[in-house]
Amino acid sequence: MAYVRHVAQTCPRRLLRGLASSARSWAVRRPFQQRNARRDDAFEPRLAPLVPSTAEPHVQAWVSDWEAAAGQADARAGIALLRSDVWDLPLRPDLVHRCVVAQHAALKQVHRAGKSRHEVRGGGRKPRPQKGTGKSRQGSIRAPQWRGGGVAFPRQRRDFAMSLPRRVVDAGTKVALSDKLRRSALLLVGRLALDEPKTSALLERLQRLGLSLPHTRAGGGHKAAARLAAQNIPGVSMCLAKDVSVLKLVSHSVLLLSLDGLRDLESRLGGPAPFPRRTWPPSAVLREWQAAN
């Protein structure tokens, strides 16, 4: 009781009342419940880990015949084995969004720029003496208040590029490629080449593969003739495997890839990543993955 009397004598009464009320409220509160925050019952699902959905090291995909005859529509030439750590990852919109935002920021440019008082030519001499003239004090005729002077806060050219870790960019690319395969928006061909750069010949080949022309991306291993022929087709663009990005994959609905481009693209994205040291996936699947790799 002496200790209680001592606290009552030294602490204000309203502080003691506050301590008592907070103790009562803490006793009735549920565990992990935050005050003045989002309730615990509003559960947000956890993002899926970047591991393949299958324990097999490869997934299969059809290879279409680029040199098929005119009467054969979407002829099959064989089956290709794709790495599961590149083409069988779950959808991660957060990684794709980060990559797209960073690439849009890198493309942003400021073409107009003004000049400050230090960038305008002239104005190095003091226009009049500091005292004795009865006029205001001026140090340069290129100050913003002078005609012909610089701008007070000019627009400046700047770099809007955002730096992302390489592993984030590679993970976003793998997620975008996996989404193409999952939605059957990936077409593999043996080789992507034309004898001459004719737009009509490329249109005939694409229509023979069953492609709708708008928003088609052809990548990797193509020849110069095919690239020149694709320049005149709206919605169709070609690039090398080293130039494939998340923004290009998202902005095109179909991906046409040659086997050479497939090999270059998988080699660019590195070797298969091991499973993380977690309890996911189950131990049986983890053992199968370790045995296969």
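Karplus-derived 3J(HN,Hα) values for segment 233-240, using 6.51 cos²θ - 1.76 cosθ + 1.60 with θ = phi - 60°, are 9, x, x, 10, 9, 10, 7, 7 Hz; glycine and proline are entered as x.
Roughly how many Å is it from the Cα centre of segment 113-146 to that of segment 80-111, as a whole number? Taking the Cα centre of segment 80-111 as reference, the centre of segment 113-146 is 51 Å away. For the pair segment 220-264 and segment 148-204, the centres of their Cα atoms are 10 angstrom apart.
How would 66, 146 rank on accessible area, largest to smallest, probe 1.4 Å?
Details: 66 10, 146 80 Å².
The ordering from most to least exposed comes out as 146, 66.
Between residue 77 and residues 5 or more places away or on another chain, which pairs have amide H atoms under 5 Å apart, with H built 1.01 Å from N, and which residues are they? It is 63, 64, 65, by chain and number. With no solvent and one point per C-alpha, what does the Debye sum give as log10 I(q)/I(0) for segment 112-242 at q = 0.16 Å⁻¹? Once normalised to I(0) and log-transformed, intensities are -0.90. 3J(HN,Hα) along segment 54-62: 10, 7, 6, x, 9, 10, 9, 8, 6 Hz, from the Karplus curve 6.51 cos²θ - 1.76 cosθ + 1.60 with θ = phi - 60°, whole Hz, x for Gly and Pro. Quick one: which residues, 5 or more positions from residue 151 or on another chain, have an amide H under 5 Å from its amide H? H modelled 1.01 Å from N in the peptide plane, none for Pro or chain starts. HN-HN under 5 Å from residue 151: 115, 116, 117.
The values are calculated or read from the model by the stated rules, or taken from the named source; none is laboratory data. The structure presented is a predicted model; accordingly, all values stated were derived computationally and were not measured. In case anyone asks, the SASA skips ligands and DNA or RNA and just uses the protein heavy atoms, side chains included. Shrake-Rupley method; radii C 1.70, N 1.55, O 1.52, S 1.80 Å.
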